[in-house]
Structures are given as C-alpha cells and as structure tokens.
Amino acid sequence: IQRLANTVPLSAFHCTTKDTDLMGYSIPKGTMIIQNLNSVLREEGQWKFPLEFNPENFLNEQGEFAKPEAFIEDGCFCASGPRMCLGEGLARMQLFLITVTLLRKFSFIWPDEAGKPDFTPVFGVTLTPKPYTMKVKLRKPGFIQLA
Ligand code: HEM
C-alpha cells in the first residue's frame, strides 16, 4: 500500500555540500536535489505489477517474501542514508496498530453503486486520495454507513 500510495512523492529536498560525481553526472556544490520516488516505487521493469496493488510484487518464484532491488532499504520512507525518515519506526508501529485495530472491528465495503474506485491522487506536497464514499460495517453487531 505504501509503495503504491507514495505519500511523499518528492521526498524532502536536499542540497549537495560539495562537488559530486554521480553515475557520470557532475553535480556542483550547492545544487538543490529533488528526488522522484515514483522512479523507484513505480518503475516499469522493476516491478511485476508497477501500477497495481499486488502483493506478488514482493514475492519470488517460490512465493516467499523477497524485497525487490528498487525498494531501497525501507523504500516508502526513502530510508537510505543519513537523512532517512526519523519517524519511520513510530510511523510503522502506528500504521500497524491503527490498521489492525480498524480491520478487527470493522469490515470496509466498496458500495456497488460507487462504480470503480478512482485511484488518481490529489497532488500536493503529499499525495492524498480523492474524496470517496465507503460502507463500514461493525463486524458484529450493527451497521454504520459513512459518506
Ligand atoms: C507513513 C508515514 C511517513 C512517511 C511516508 C514519511 C516519509 C518521509 C520521507 C520520504 C522523508 C525524506 C527522506 C529523505 O530525504 O531521504 C522523511 C523525512 C523525515 N521524516 Fe518522515 N515519514 C513518515 C512519518 C514520519 C513521522 C511520524 C515523523 C515524526 C514523528 C517523521 C519525521 C521525519 C523527519 C524529522 C524527517 C527529516 C529527516 C532528515 O532530513 O534528517 N516522519 N519522511
């Protein structure tokens, strides 16, 4: 989900502190560096299903978990190097606790009348989903509908 959602698509901006050679490119000191995480997280040829949510992206031929090379270390946080996301541990824990708590209590149902989901993100510093309607059902008993 985090790969496809790519919530911080340009990561944090950085700046070279000295003249730098990178893969044949000369980058002068003081150049602003803006990362394009889509080039990692949705690159054609790097993923079996680059534009789809599909856990098979992370499975090898034997069906075992295998982290693709394009998923730099902890990819969705662009967690590589000294400026990696400081909140990663906290965010991972929160995502797990909140998601599991909700899934244990509720069923999330895409209403038939809502048609096909539109996953086109709303662009900004972060990518967010378009507003949508979903049915949320208490696992037992009762029924809530959110709009
Ligand atoms: C799902 C949640 C989160 C995502 C996807 C995320 C993603 C990112 C990304 C992409 C960067 C830039 C890394 C780089 O420049 O290479 C970053 C940096 C950072 N994040 Fe997060 N983050 C999340 C949650 C958090 C939380 C909960 C905190 C704090 C409690 C936090 C604090 C920071 C800080 C302080 C930096 C700057 C680190 C530095 O430049 O040295 N993040 N995050």
| remark: Note: probe point = Cα of Gln2 + 7 Å toward Cβ; backbone nitrogen < 16 Å; residues of segment 28-52 passing the test are 37-38, 40-42
| task | Under 12 Å Cα to Cα from Lys29, which aspartates and glutamates show up? Leave out anything in the same chain fewer than 8 places away. | result | Asp19, Asp21
| request: Provide the per-residue ³J(HN,Hα) series for segment 26-35, in order, calculated from phi with Karplus coefficients 6.51, -1.76, 1.60 and θ = phi - 60°, each as a whole number of Hz, with x at glycine and proline positions. | output: 9, 10, x, 4, x, 7, 6, 10, 10, 7
| said: Please compute the contact order of the chain in relative form: average sequence separation of alpha-carbon pairs under 8 Å and at least six residues apart, divided by the residue count, as a percent. | reply: 18
| task | At a Cα cut-off below 19 Å, give the lysines reachable from Lys48, other chains included and same-chain residues fewer than 8 away excluded. | result | Lys67
| Can you list the lysines whose alpha carbon sits under 16 Å from that of Lys137, skipping same-chain ones fewer than 8 residues off? | Lys105
| field | Pair Leu102, Lys67: separation of 7 Å Cα→Cβ label points (nm) | value | 2.5
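Any read-out appearing in this document is the output of simple, stated calculations on the displayed coordinates, not a laboratory observation. The model shown is predicted, which means the values in this text are computed figures rather than measured ones. With ideal geometry, Cβ positions are generated from the backbone for all residues, glycine too; neighbour counts draw on all protein chains shown.
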